[in-house]
Amino acid sequence: MRGLLVTAGILPPRDENLALLTNWVARIVAELPPRHANLIRPFAEWHIIRDARRRSSRGRYTYAAHKGDCGNVLAAINFLNWLDTEHLSLSQLQQRHLDTWAIDRPALRSRSIPFLRWSTARRLCSPDLVIEHSAAQLPGHFQAEDEHRKSCCAASTTPRCPWRSASRLLSSASTPSP
């Protein structure tokens with residue numbers, strides 16, 4: 001319906017993804033306990049939504065970006081809930097606590113970085129706290145085939161290396177019969 005009203009010139013155009021984000025943040029913050037809302041509202045409005053507006057003005061705010069921003073806000077809420085269960089406040093947070101949280105929640109690790117940086121910049125927590133991005137999921141070192149065979153044969157508990165049998169089978173299958 002809004003699309004029709006915009007086309008008719010009755011309503012101004014807007015970035016629907018940005019509107020989704022701002023409406024979603026308003027609903028989520030309204031459901032939070034006051035001690036969390038007092039932290040999440042400024043983080044969401046002045047960090048997440050402000051950056052989303054900047055990207056939107058350049059035409060670069062997509063639905064995927066909206067979902068990512070929602071994930072960052074949810075990670076911040078999850079982090080504050082965890083602090084409550086640990087009977088900690090942001091000002092009491094130490095690196096060992098942060099490390100425990102990051103290790104136990106690898107899916108939220110990178111999503112929590114914006115909130116931690118925001119909190120640190122506002123001196124809500126210690127300035128020396130660091131949470132690193134997780135290491136790349138792809139291997140950084142590839143073994144050569146010969147190296148791989150040697151390591152597999154060395155680890156084999158049977159007297160015959162399974163690679164030898166497999167390579168014989170493959171070579172006989174690939175050799176054309178006379």
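The values are calculated or read from the model by the stated rules, or taken from the named source; none is laboratory data. The shown structure was predicted, so the numbers you read here are calculated from the model rather than taken from an experiment. FYI the Cβ positions are ideal-geometry reconstructions off the backbone, even for glycines, and counts take in every protein chain you see. The accessibility values were calculated without ligands, DNA or RNA, using every heavy atom of the protein model including side chains. Shrake-Rupley method; radii C 1.70, N 1.55, O 1.52, S 1.80 Å.
If a residue has to be among the basic types (Lys, Arg), part of a helix (DSSP H, G or I) and more than 11 Å from ASN17 (Cβ to Cβ) to count, how many in the range 54-74 make the cut? I'd like the intermediate steps shown before the answer.
So the first thing to find is which residues in the range 54-74 are among the basic types (Lys, Arg), and the list is 54-55, 58, 60, 67.
Then keep just the ones that are part of a helix (DSSP H, G or I); that gives 54-55, 67.
So of that shortlist, the ones also more than 11 Å from ASN17 (Cβ to Cβ) come out as 54.
Going through the range 54-74 one residue at a time, the tally reaches 1.
Conditions (1) open to solvent by 70 Å² or more (accessible area, probe 1.4 Å); (2) more than 23 Å from PRO33 (Cβ to Cβ); (3) in contact with an Asp or Glu (Cβ under 8 Å, 6 or more places away or on another chain), marked per residue:
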residue: ARG55; (1), (2), (3): no, yes, no
residue: TYR61; (1), (2), (3): no, yes, yes
residue: GLN94; (1), (2), (3): yes, yes, no
residue: ALA107; (1), (2), (3): yes, yes, no
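So ASP99 clears everything in (1) under 25 Å from VAL29 (Cα atoms); (2) modelled with pLDDT of 85 or more; (3) surrounded by 10 or more Cβ atoms within 10 Å (Cβ to Cβ) except one condition, right? Which one? All conditions are met except number (1). Among the numbered conditions (1) at pLDDT 95 or above; (2) open to solvent by 70 Å² or more (accessible area, probe 1.4 Å); (3) part of a helix (DSSP H, G or I), the only one that HIS87 does not meet is (3). Scanning the range 93-108 for residues that are assigned to a loop (DSSP other than H, G, I, E, B) and closer than 25 Å to LEU18 by Cα turns up at least one hit.
Within the range 27-34, can one find any residue that is within 22 Å of CYS125 (Cα to Cα), open to solvent by less than 80 Å² (accessible area, probe 1.4 Å) and part of a helix (DSSP H, G or I)?
First pass over the range 27-34, keeping only residues within 22 Å of CYS125 (Cα to Cα): 29, 32-34.
Applying the additional criterion that residues be open to solvent by less than 80 Å² (accessible area, probe 1.4 Å) yields 29, 32-33.
Next, only the ones that are part of a helix (DSSP H, G or I) stay: 29.
The answer is yes, given that some residue of the range 27-34 is within 22 Å of CYS125 (Cα to Cα), open to solvent by less than 80 Å² (accessible area, probe 1.4 Å) and part of a helix (DSSP H, G or I).
Per-residue answers, yes or no, for (1) crowded, with 17+ Cβ neighbours inside 10 Å; (2) within 16 Å of ASN38 (Cα to Cα):
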{"position": "ARG111", "(1), (2)": "yes, no"}
{"position": "LEU116", "(1), (2)": "yes, yes"}
{"position": "SER119", "(1), (2)": "yes, yes"}
{"position": "ARG123", "(1), (2)": "no, yes"}
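Can you run down the residue pairs with Cβ atoms below 7 Å, 6 or more apart or on separate chains, where the first is in the range 97-115 and more than 16 Å from THR85 (Cα to Cα) and the partner is modelled with pLDDT of 90 or more and small (Gly, Ala, Ser)? Here the result reads LEU108/ALA75; ARG111/GLY71; ARG111/ALA75; SER112/ALA75; SER112/ALA76; PHE115/ALA75; PHE115/ALA76, each pair linking the range 97-115 to a residue that is modelled with pLDDT of 90 or more and small (Gly, Ala, Ser).
If I go through the range 114-132 residue by residue, how many of them are closer than 17 Å to ILE77 by Cα and either at pLDDT 90 or above or among the polar types (S, T, N, Q) (or both)? Here the count works out to 9. When residues of the range 1-26 are filtered for being surrounded by 11 or more Cβ atoms within 10 Å (Cβ to Cβ), among the hydrophobic types (A, V, I, L, M, F, W, C), at pLDDT below 85 and assigned to a helix (DSSP H, G or I), how many remain? Matching residues across the range 1-26 total 2.
For the range 41-48, the condition of being modelled with pLDDT of 95 or more, open to solvent by less than 40 Å² (accessible area, probe 1.4 Å) and over 20 Å from ALA121 (Cβ atoms) holds for none of the residues.
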